[in-house]
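Any read-out appearing in this document is the output of simple, stated calculations on the displayed coordinates, not a laboratory observation. All values derive from a computational prediction rather than experimental measurement. FYI the Cβ positions are ideal-geometry reconstructions off the backbone, even for glycines, and counts take in every protein chain you see.
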Amino acid sequence: MKKILATGGTGYIGSHTVVELIQSGYEVDIVDNLFNSKATVIDEIFKITGKKPKFFKADLLNKEEISEIFANNHYDTVLHFAGLKAVGESVEKPLLYYRNNIEGTVNLLEIMQAHDVNEIIFSSSATVYGVQESPEYIETMQTGVGISNPYGRTKYFIEEIIKDQAIANDNFKAILLRYFNPVGAHPSGLIGEDPNGIPNNLMPIIMRVSDGRIPELSVYGNDYPTEDGTCRRDYIHVVDLAKGHTVCLNHLEKGVKIYNLGSGAPNSVMEIIAAFEKASGEKLPYKIVGRRAGDLAEFWANANKANKELNWSTELSIDDAMRDTINFLKNNKGK
Ligand code: NAD
Ligand code: WQD
């Protein structure tokens, strides 16, 4: 069985993936600087799985700390979740994003190379597609054109860096996973999306509106060319997304593979509000406001490649995601 290191493993997607990996029999260590997550996540992972992953509080920008972890532990594969992800903040502080996400990744790749660790699965994003003629994104499309913010560009640049590393190193095996819009929480209610500070994404904002921490949701525009006028996205349950990583561990081959991880079926903002209201039995206060800069009307994944090659597809619905999010909130988590 492969031994895994998950960077950013106490974060939202990382923690769910660590749970799936442990439940599939893998031994997983976590490195995270806890910038956007809490060490208590480790205890929750233990409650769910009965196993406590080894945790290193360390920063990818600190090469000495990270090198020491690799010197003292053997890893076969790195799952690289660590990164900053707030789109708006990245516009205001681009250098912070380039420093953290790109330098952090280059450090990681150098240290992996020094310790002969040749397998990486990278958390990329649908954002690398930028602007396309068709809203159904497919892996063969050209990337990097029309990306509207520095965060998105870090994902594009890191993809290119990993491709170059694979050209230079014959033993290198990489999978770039382009996530669409992850939502939901673990059905145990013990882990979920719990960002430090003010959230930017739709679901964590809805969670804060539902428990009164934010008075109402601002819906960014209802004049888009979609059926109800609000933007449509491919929301994917985080447990489905996590399982996508587990299957990839058996598909690492020399070179770089790229997969979209999405459902292929988009929902509008109004549909998300309706699904949340249905699951909670309560009205969600919202108002329609102007469009948010940089938002596209709609896009979704063509997930055929992951369906066929990885034998992976989403199993959970938007209703499942809303139920699990509300369960996480009721457990007094996500606060
Ligand atoms: P998250 O913020 O919950 O998790 C990221 C983790 O990385 C955090 O725990 C943070 O403390 C840690 N981290 C950040 N910089 C670090 C550094 N320099 N050294 C060590 N740890 C560091 O975010 P998430 O939603 O779980 O996202 C995980 C990955 O997936 C990110 O790379 C993100 O860009 C990518 N992604 C997320 C989404 C999304 O909508 N959530 C969509 C596409 C891609
Ligand atoms: C979803 C929809 C908003 C908040 C971003 C990144 C992308 C990826 C996922 C990491 C949009 C609307 C939102 C609110 C709203 N992340 N909305 N009111 O913008 O699709 O994608 O996160 O890689 O790269 O760009 O996700 O959750 O911010 O927004 O009406 O208060 O909800 O306009 O249509 P987005 P989101």
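Can you list which of the GluC sites (Glu not before Pro) found in region 297-326 are DSSP loop residues with at most 16 other C-beta atoms within 10 Å?
Passing both the DSSP loop test and the Cβ count: E315.
Net charge around R233, counting only other residues with Cβ within less than 12 Å of its Cβ (Lys, Arg = +1; Asp, Glu = -1)?
Around R233, the surrounding residues sum to -3.
Too long at a 18 Å Cα-Cα cut-off: which of K2/K54; K63/K254; K3/K47; K3/K52; K63/K163; K57/K93?
Pairs exceeding the cut-off: K63/K254; K3/K47; K63/K163; K57/K93.
Determine the gain in length on full extension of the stretch S317-D223; use 0.36 nm per residue of separation and subtract their C-alpha separation, reporting nm with one decimal.
Result: 31.2 nm gained on full extension.
Under a GNM of the chain (C-alpha, springs under 10 Å), which listed residue has the highest mean-square fluctuation: V91, V19, V256?
Residue with maximal mean-square fluctuation among V91, V19, V256: V91.
Between rounded, prolate and oblate, where does region 256-335 land on the alpha carbon gyration tensor, with a ≥ b ≥ c its root eigenvalues, rounded for a/c under 1.5, else prolate if a/b exceeds b/c?
Oblate, because a/c is 1.5 or more while a/b does not exceed b/c.
Among E89, E159, which comes first, then next, by fewest other beta-carbon atoms within 10 Å?
Lowest to highest Cβ neighbour count: E89, E159.
Residue farthest toward the positive end of the dipole of region 145-265, with Cβ of Lys/Arg at +1 and Asp/Glu at -1: which of I167, Y220, P199?
I167
What is the order of Y224, Y137, fewest Cβ neighbours within 10 Å to most?
If I rank by nearby Cβ atoms, fewest first, I get Y224, Y137.
Answer rounded, prolate or oblate for region 175-236, using the Cα gyration tensor with square roots of eigenvalues a ≥ b ≥ c: rounded when a/c is under 1.5, else prolate when a/b is larger than b/c, else oblate.
It is oblate, given that a/c is not under 1.5 and a/b is not larger than b/c.
Could you give log10 I(q)/I(0) at q = 0.10, 0.11, 0.16, 0.21 Å⁻¹ for region 211-322, computed by the Debye formula over C-alpha point scatterers of equal weight, without solvent?
One equal scatterer on each Cα of region 211-322 leads to -0.39, -0.46, -0.84, -1.14.
Counting only DSSP beta bridges with both residues in the chain, tell me the antiparallel percent, nearest 5.
5 percent
Between region 126-148 and region 220-299, what is the separation of their alpha carbon centroids in Å?
What the calculation gives is 16 Å, centre to centre.
Determine one quarter of the surface area of the Cα convex hull of the chain, which equals its mean projected area, and express it in nm² to one decimal.
15.6 nm²
What is the fewest-to-most order of I66, I236 by other Cβ atoms lying within 10 Å of their Cβ?
I66, I236
Taking the Cβ of V256 as the centre, find all other residues whose Cβ is under 12 Å away and add up their charges (Lys, Arg: +1; Asp, Glu: -1).
-2
Can you pull the Kirkwood radius for region 54-117, inverse mean 1/r over Cα pairs, to one decimal in Å?
12.7 Å
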